[in-house]
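Mind looking over this structure? Questions follow.
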Amino acid sequence: MNYAPETKLHLIQGEHRIVTDPCTVVSTILGSCVAACMRDPQAGVGGMNHFLLPGRSDSHEGVQYGAYAMELLINGLLQQGARRDRLEAKLFGGGKMVQGLTDIGRQNAIFARHFLEHENIQYLGGSLGGVNARRVLYWPVSGVARQQRLIDQSAVFVAETPRVPDFEGDVEMFAA
Amino acid sequence: MPAAADISVLIVDDQMTMRSLIRNSLTQIGFTQTREAADGEDALRALIARPSHLVISDFNMPKLDGLSLLRAVRSHPPLKSTAFVMLTGRADIDLVARARQFGVNNFIVKPFNTATLKVKLEEVFGTLT
């Protein structure tokens, strides 16, 4: 039995975490956003991201932003010894939070599924869609995930403001 | 003014999604000669077999990263004058300094759109037709 105290990390939109400690659990609250939970079971490393695409899932900006969010997570895992061909993923979120408006959650979910398919990353399942917000708990090293549907969704609306990325960036640019 | 269609490009990134996005953007700008490589080693092999005018490379890649690829290109006489544009994340400020030292031609910060890509390439080649 492992009696080590559990470490809890909470993730907000735009963040990602990489974990190698089996006693660490990552949590996040999702409405339309999607969280990708990914790990390499052999290397004993896993992590989670939490993103919301700024546009449609098939727009250049939307895919660029989503692909970058995934890249940060994957690169973080590879830097801790993971191998791309051993990665497995679970996806959560992508709910339809406002009836009658464009289904942003669905767009996020479609992107995430397509991304895993294109990158040949094994998809183990999860929970996408629906009309409820959810709290997700993920133990990255063991790969165990739990989800709780939330009745009071007011906090999620405040937290999930689409953040359109600054496409110019803040690194100094120059030409030769 | 150089024609985009006359410039051959090698896109180097370990994510297929990112390679597709860059290829689509290049097509929109007018580039027609594009090739892809999934890491620095593949890219170097491809360049030695057939040079390109331009390399657009990610930094974080398995086997041979973007910076090592840049150094290899600059130290290989037939490839020495290849234009090299590095894709980078916001936190890679140190990389900018090191890549500058090794003769990178420009940087593009991810995520970026087609307009930004065009501007960055025109800073290297001049206005593209």
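The values are calculated or read from the model by the stated rules, or taken from the named source; none is laboratory data. Keep in mind that this is a model prediction, so the values were computed, not measured. Backbone-built Cβ (ideal geometry, glycine too); neighbour counts: all protein chains shown. For accessibility, only protein heavy atoms count, side chains too; no ligands or nucleic acids. Shrake-Rupley method; radii C 1.70, N 1.55, O 1.52, S 1.80 Å.
Can you count the Lys pairs in the protein assembly as shown with C-alpha separation below 22 Å, eight or more apart or on different chains?
Here the count comes out as 6.
Over region A:7-150, what percent of the accessible surface lies on carbon and sulfur atoms, probe 1.4 Å?
48 percent
With a 1.4 Å probe and every protein chain left in place, work out the accessible area per residue of the protein assembly as shown in Å², rounded to a whole number.
Accessible area per residue, the protein assembly as shown: 45 Å².
Ok, one more. Give the average, rounded to an integer, of partner chain Cβ atoms located within 10 angstrom of each Cβ in A:63-72.
Shielding by partners across A:63-72 averages 6.
For chain B, build the charge dipole from Cβ charges (+1 Lys, Arg; -1 Asp, Glu) around the Cα centre, then report which of B:T17, B:T32, B:T127 sits farthest towards its positive end.
Working it through, the farthest residue towards the positive pole turns out to be B:T127.
Let me ask you something else. Placing unit charges on C-beta atoms (Lys and Arg positive, Asp and Glu negative, everything else neutral), compute the dipole magnitude of region B:1-72 about its Cα centre in debye, rounded to 20.
Charge dipole, region B:1-72, about its Cα centre: 180 debye, nearest 20.
Using only the heavy atoms of the protein chains and a 1.4 Å probe, how would A:R134, A:R86 rank by accessible area, largest first?
Of A:R134, A:R86, the descending order of accessible area is A:R86, A:R134.
For region A:1-65, run through the GluC sites (Glu not before Pro) and keep only the ones in DSSP coil with at most 11 other Cβ atoms within 10 Å of their Cβ.
A:E6
By the gyration tensor of its Cα atoms, with a ≥ b ≥ c the square roots of the eigenvalues, what is the shape of the protein assembly as shown: rounded for a/c under 1.5, prolate for a/b over b/c, or oblate?
Since a/c reaches 1.5 and a/b is larger than b/c, the shape of the protein assembly as shown is classed as prolate.
To the nearest 100 Å², how much accessible surface do chains A and B cover up together, summed over both, with a 1.4 Å probe?
Separately minus together, A and B give about 2800 Å² buried.
Sum -39500 (n - 2.57) across every DSSP H segment of at least 4 residues in chain B, then divide by the residue count to get the 222 nm mean residue ellipticity, nearest 500.
Rounded to the nearest 500, the figure is -13000 deg cm²/dmol.
Starting from the 7 Å offset along Cα-to-Cβ, what nm value, one decimal, do you get for the label separation of A:H10 and A:I151?
Using points 7 Å along Cα→Cβ, the separation is 2.1 nm.
Next question, about the same structure. Quick one: of the DSSP bridges fully inside region A:7-150, what percent are antiparallel, nearest 5?
Counting only bridges with both partners in region A:7-150, antiparallel ones make up about 70 percent.
To continue, here is another question. Across peptide B:106-117, how many C-beta atoms of other chains are within 10 Å of each residue C-beta, on average?
6
On to the next question. Across the residues of B:16-22, average count of Cβ atoms on other protein chains within 10 Å?
5
Right, next: Considering all projection directions equally, how large on average is the shadow of the alpha-carbon convex hull of chain B, in square nanometres?
6.9 nm²
I've got another one for you. Which shape class applies to region A:7-150: rounded if a/c is under 1.5, otherwise prolate when a/b exceeds b/c and oblate if not, where a ≥ b ≥ c are the square roots of the Cα gyration tensor eigenvalues?
Judged from the Cα gyration tensor, region A:7-150 comes out oblate (a/c at least 1.5, b/c at or above a/b).
Report, in debye and to the nearest 20, how large the dipole of chain B comes out about its Cα centre when Lys and Arg carry +1 and Asp and Glu carry -1 on their Cβ.
The dipole magnitude comes to about 180 debye.
Using a 1.4 Å probe over the heavy atoms of the protein chains, calculate the carbon and sulfur portion of the accessible area of chain B as a whole percent.
52 percent
Taking the Cα centre of region A:7-150 as the origin, how large is its charge dipole in debye, to the nearest 20, when only Lys and Arg (+1) and Asp and Glu (-1) carry charge on their Cβ atoms?
In total the dipole reaches around 500 debye.
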